[in-house]
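Written below as structure tokens is the structure these notes are about.
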Amino acid sequence: MKKHRLSFGMLAAMLLMAFTFVACGGDNNDDTPVIDPVVEVPSLLPTEDGMYHDNTLIYRITDEQAQEVEVVHPVDFSTCSKAEIPESVNINGEHYAVTAIADDAFAIYDEFFNAYKYNNVLESISFSHSVKRIGKYAFFCCTALKSIFIPKEVTEIGVGTFFADDALEEIIVQEGNPLYDSRQGCNAIIETKENRLVFGCKTSVIPNGIKTIGHYAFWDCIGLTEIDIPSSVTSIEEGGFYNCENLKKVTCRNTTPPALEDDVFEWIDEECILYVPDRSVDKYLSQWPFKSGYVKAFGISVDR
């Protein structure tokens with residue numbers, strides 16, 4: 001992961017990002033989108049840069065022949081607290097399905113500092129069942145999101161799409177999704193076929209059967225204080241628990257330490273205790289970055 005959040009000092013020094021869309025601004029009533037009276041979908045207006053808007057969201061045509069659009073970003077980040085993605089929109093009298101959320105759509109990225117800023121305004125997002133793709137970093141650093149519901153039609157979720165900040169408590173993938181699930185009420189997004197947990201939050205429970213904890217799955221999850229890793233997990237990818245600064249207890253039930261990529265436990269609480277099967281303490285001490293005295297046995301009898 002090459003992109004970073006700005007530090008608080010950097011954030012304080014910067015002005016809020018401003019976006020100007022001539023078609024969206026002013027009090028000219030002629031620039032106010034209307035609702036199609038037949039199908040009740042927004043009729044969009046053009047922007048100067050060839051996209052379209054409904055005074056709330058900016059859209060871009062992605063497939064003219066198939067009549068599909070994607071959500072590019074809000075018209076105004078500072079007022080977009082609740083985003084509702086429609087099934088379709090009306091452009092010049094033609095109906096276009098809203099099939100995607102673009103990369104970085106609701107994330108605020110600053111090119112000068114090569115870093116994301118906090119979007120602490122967006123509190124809820126409602127996806128329509130027409131959405132098939134959610135782009136990478138689409139909701140990254142959206143710190144006020146409280147819940148995420150992924151419809152069964154979504155078949156692509158990009159890397160770093162969501163951000164596990166302290167506000168996020170609920171993650172649900174609708175039953176019937178062919179690629180993703182949130183089995184057993186785990187409050188996580190799992191790649192079903194690979195049994196790979198790709199995104200979790202402070203209330204996540206890692207189900208037995210999961211083999212891999214994905215890249216930055218719990219990245220910067222400051223609300224996470226403890227986690228129980230079942231014996232089925234054999235690997236944790238880069239940054240799996242990176243900067244979980246309040247993580248104080250990790251229980252890992254595999255007698256063979258799961259393979260770790262870089263920075264899995266970087267910047268967690270220095271006094272975090274690792275509990276492992278009693279016959280595996282030495283293995284974990286030699287393979288995981290926990291100091292002697294912070295690796296304790298819990299007894300193999302409670303393995304699962």
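For the range 168-190, how many residues meet the condition of being out of contact with any strand residue (DSSP E or B) (no Cβ under 6 Å at 6 or more places or on another chain), more than 18 Å from Y216 (Cα to Cα) and not charged (D, E, K, R)?
Within the range 168-190, residues that are out of contact with any strand residue (DSSP E or B) (no Cβ under 6 Å at 6 or more places or on another chain), more than 18 Å from Y216 (Cα to Cα) and not charged (D, E, K, R) number 7.
Is there any pair linking a residue in the range 211-238 that is over 17 Å from P277 (Cα atoms) and of a type in the set (A, V, I, L, M, F, W, C) to one that is open to solvent by 30 Å² or more (accessible area, probe 1.4 Å) and outside any loop (DSSP other than H, G, I, E, B), with Cβ under 7 Å and at least six apart or on different chains, and which?
A217/V198; I236/L260
Every residue in the range 187-232 that is more than 19 Å from E266 (Cβ to Cβ), surrounded by 19 or more Cβ atoms within 10 Å (Cβ to Cβ) and of a type in the set (S, T, Y), please.
Within the range 187-232, S204 is the sole residue that qualifies.
How about the range 101-152: which of its residues are of a type outside the set (A, V, I, L, M, F, W, C), over 17 Å from H73 (Cβ atoms) and exposed (fewer than 15 other Cβ atoms within 10 Å of the Cβ)?
Hits for the range 101-152 are N114, H129, K146.
Going through the range 160-171 one residue at a time, which ones are under 12 Å from the mean Cα position of the chain (by Cα) and not acidic (D, E)?
Listed by number, the residues that qualify are G160, T161, F162, F163, A164, L168, I171.
Just wondering, is there one or more residues in the range 249-268 that are over 21 Å from H215 (Cα atoms) and either among the basic types (K, R) or at pLDDT below 95 (or both)?
Within the range 249-268, not a single residue is over 21 Å from H215 (Cα atoms) and either among the basic types (K, R) or at pLDDT below 95 (or both).
Here is a yes/no grid of residues against (1) within 20 Å of L145 (Cβ to Cβ); (2) at pLDDT below 95; (3) open to solvent by less than 40 Å² (accessible area, probe 1.4 Å):
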{"position": "N28", "(1), (2), (3)": "no, yes, no"}
{"position": "P37", "(1), (2), (3)": "no, yes, no"}
{"position": "I61", "(1), (2), (3)": "no, no, no"}
{"position": "V71", "(1), (2), (3)": "yes, no, yes"}
{"position": "C80", "(1), (2), (3)": "yes, no, yes"}
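For the range 196-214, name all the residues that are more than 13 Å from the chain's Cα centre (by Cα) and not charged (D, E, K, R).
T203, S204, V205, I206, P207, N208, G209, I210, T212, I213
Condition test on S235, is it under 22 Å from G158 (Cβ atoms) and surrounded by 17 or more Cβ atoms within 10 Å (Cβ to Cβ)?
No, not satisfied.
Are any residues in the range 82-132 in contact (Cβ under 8 Å) with a residue 60 or more places away in the chain and either in contact with a Leu (Cβ under 8 Å, 6 or more places away or on another chain) or in a strand (DSSP E or B) (or both), and if so, which ones?
I108, Y109, D110, F113, A115, Y116, K117, Y118
Does V250 count as over 21 Å from the mean Cα position of the chain (by Cα), crowded, with 18+ Cβ neighbours inside 10 Å, under 20 Å from L197 (Cα atoms) and in contact (Cβ under 8 Å) with a residue 12 or more places away in the chain?
Criteria met by V250.
When you go through E194, E156, E123 one by one, which is the residue that is of a type in the set (D, E, K, R), under 19 Å from S81 (Cβ atoms) and at pLDDT 95 or above?
Selected residue: E123, the only one of E194, E156, E123 that is of a type in the set (D, E, K, R), under 19 Å from S81 (Cβ atoms) and at pLDDT 95 or above.
The values are calculated or read from the model by the stated rules, or taken from the named source; none is laboratory data. Predicted model, so just to flag it, every value in this text is computed and none were measured. Methodologically, a virtual Cβ is constructed for each residue, glycine included, from the backbone with ideal geometry; neighbour enumeration extends over all protein chains shown. The accessibility values were calculated without ligands, DNA or RNA, using every heavy atom of the protein model including side chains. Shrake-Rupley method; radii C 1.70, N 1.55, O 1.52, S 1.80 Å.
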